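Just below is one structure, and these are the notes that go with it.
The values are calculated or read from the model by the stated rules, or taken from the named source; none is laboratory data. None of these values were measured; they are calculated from a predicted model. Cβ placement follows ideal geometry from the backbone for every residue including glycine, while neighbour counts extend to all protein chains displayed. Areas reflect the complete protein model, heavy atoms only, side chains present, ligands, DNA and RNA absent. Shrake-Rupley method; radii C 1.70, N 1.55, O 1.52, S 1.80 Å.
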Amino acid sequence: MTPIFAASRLPRNLVFGAGQRAALAGYVAPLGKRALLVTDERFAGAVEFSTMVDQLRQAGIAVDVYDRTVAELPASCIADGLEQGKGFGADVIVGIGGGSCLDAAKMIALLLSHGGQPSDYYGEFKVPGPILPLVAVPTTAGTGSEVTPVAVISDPERAVKVGIASPHLISHTAICDPELTYTCPPGLTAVSGADALTHAIEAFTTLRRAADAQTVHEHVFVGKNAFSDQYALQAIRLISGSLKAAYDNGADYGARERLMMGATMAGLAFGTAGTAAAHAVQYPVGALTHTPHGAGVAVMMPYVMEFNRSHAEAEMAEIADAMGVVSTGMDQAAKASAAIDAVADLFAAVGIPRTLKDLGLGEDKLDWTVEAALGAVRLVKNNPRPLDTASITQLVNAAFTGDRTALRGTVRELS
């Protein structure tokens, strides 16, 4: 019997529910009296945002708003927000928006606390201590950044996005209010939800390490474990059962609620287990094609599942059960096939491209994509099947041509 190992890194407070954004002032007030709100131009003009600002001020909190965050988070956003936070004398940071807004809030809180440049903290465990108190309020059902220990930014001196991973980046409080996702258009709903499902699947199938007392100190993302498995499976159930409905009808508030709960639980899963090959490949692909992160990881996911199948077939059979795509008499291999097909079909149904070629990647960039993906060490080391130049070349080529059968290798063929 395999000994049980589990680890979890969470916000001190995590609240979920329609209307819970009204709880924001009550959480911020004990943390500071000068709040910098980090958001984007679109949400800064929303009635819901104005109401939250008013509630903070009524609670005696001075508020300044940085609303120039943009998608994929270029370093210039962080620099501008940092200067605004310094000038205002912020003592608490509130991130409100999609993943880029939440990651910007993390980085601003980090640099206000410890100084330096973002590049000083690239990698794992480089943050020396606690950062300014951080409250995260997501407005999309996707990245899970509200509960994770990582921020991802675009560095102008590097071709691909870079991650900063530290338990100190976990928000003090996360407030997840599905009402804030009601106005998400279908395209954003699709790529955000696909990102979340990819988080859950990669967390559930990631490498299980031989854990000892140093594991949690040597790895921000500790690999597959008993806590993350429970979050991941429930996330897969919720997201697979709600993504298409929310995409088809943004006014299906029950689907919106289940999708956001699934995305948060997927964040709880990968925030300790980590993600792997799909994310490693997306970084260079996203840099080359300028396509949304969620679209890139979703394109890769069925191919990554096929590639990893020989090392995670039992987990994929459980994914099929969670997605409800099994029938009587199916063995483990058939269930694994059903899971891979179901993920590919769901993503196609919400408009995700089928191949890297469809996403806009040029054939002449395949070798560079392989090289850059291997450079994402924190992701590569989590993959259940070892990755090297030859194997990741096979994976990227299959995802470019759309030939999943090329990845089956020694895995027995199914009738």
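Each Lys and Arg Cβ is given +1 and each Asp and Glu Cβ -1; about its Cα centre, the chain then shows a dipole of about 600 debye. Rounded to the nearest 10 degrees, the inclination of helix 47-58 to the longest alpha-carbon principal axis of the chain is 40 degrees. Express as a percent, rounded to the nearest 5, the fraction of DSSP beta bridges in the chain (both residues included) that run antiparallel. Taking every DSSP beta bridge within the chain, about 20 percent pair in antiparallel fashion.
Taking every protein chain into account, the accessible area of the stretch 104-147 amounts to 28 square angstrom per residue (probe 1.4 Å). Taking GluC sites (Glu not before Pro) across the stretch 233-315, none is in a DSSP loop with at most 15 further Cβ atoms lying within 10 angstrom of its Cβ. Remark: the stretch 237-285 carries 25 Å² of accessible area per residue (probe radius 1.4 Å; ligands, DNA and RNA excluded). Helix 389-401: angle to the longest alpha-carbon principal axis of the chain, degrees 0 to 90, nearest 10? Computed tilt is about 90 degrees. Under 10 Å, Cα contacts only: if you run a Gaussian network model on the chain, which one of SER192, SER76, SER240 comes out with the highest mean-square fluctuation? With Cα springs under 10 Å in the chain, the top fluctuation among SER192, SER76, SER240 is at SER76. A quarter of the convex hull surface defined by the alpha-carbon atoms of the chain gives 19.2 nm² as the mean projection.
Among the protein heavy atoms, those of LEU102 account for about 10 Å² of accessible surface (1.4 Å probe, every chain in place). Share of carbon and sulfur in the accessible area of the stretch 180-256 stands at 55%, probe radius 1.4 Å. Note on the chain: with a GNM built from Cα contacts shorter than 10 Å, the maximum mean-square fluctuation among THR148, THR275, THR369 falls on THR369.
Can you work out the PRE-style zone for PHE16? Point 7 Å along Cα to Cβ, and I want the residues of the stretch 268-304 with backbone N under 11 Å. Correct set: 268-269. I need the fraction of alpha carbon pairs in the stretch 301-349 separated by more than 12 Å, rounded to a whole percent. Here the long-distance tail beyond 12 Å is 55 percent of all Cα pairs in the stretch 301-349. Rolling a 1.4 Å probe over the protein heavy atoms of the stretch 77-175, with every protein chain left in place, gives an accessible area that is 51 percent carbon and sulfur. Taking the accessible area of the stretch 265-345, probe 1.4 Å, and keeping the other protein chains in place, the carbon and sulfur fraction comes to 50%. Largest GNM mean-square fluctuation among GLN58, GLN214, GLN332, using the chain with Cα springs under 10 Å: GLN214.
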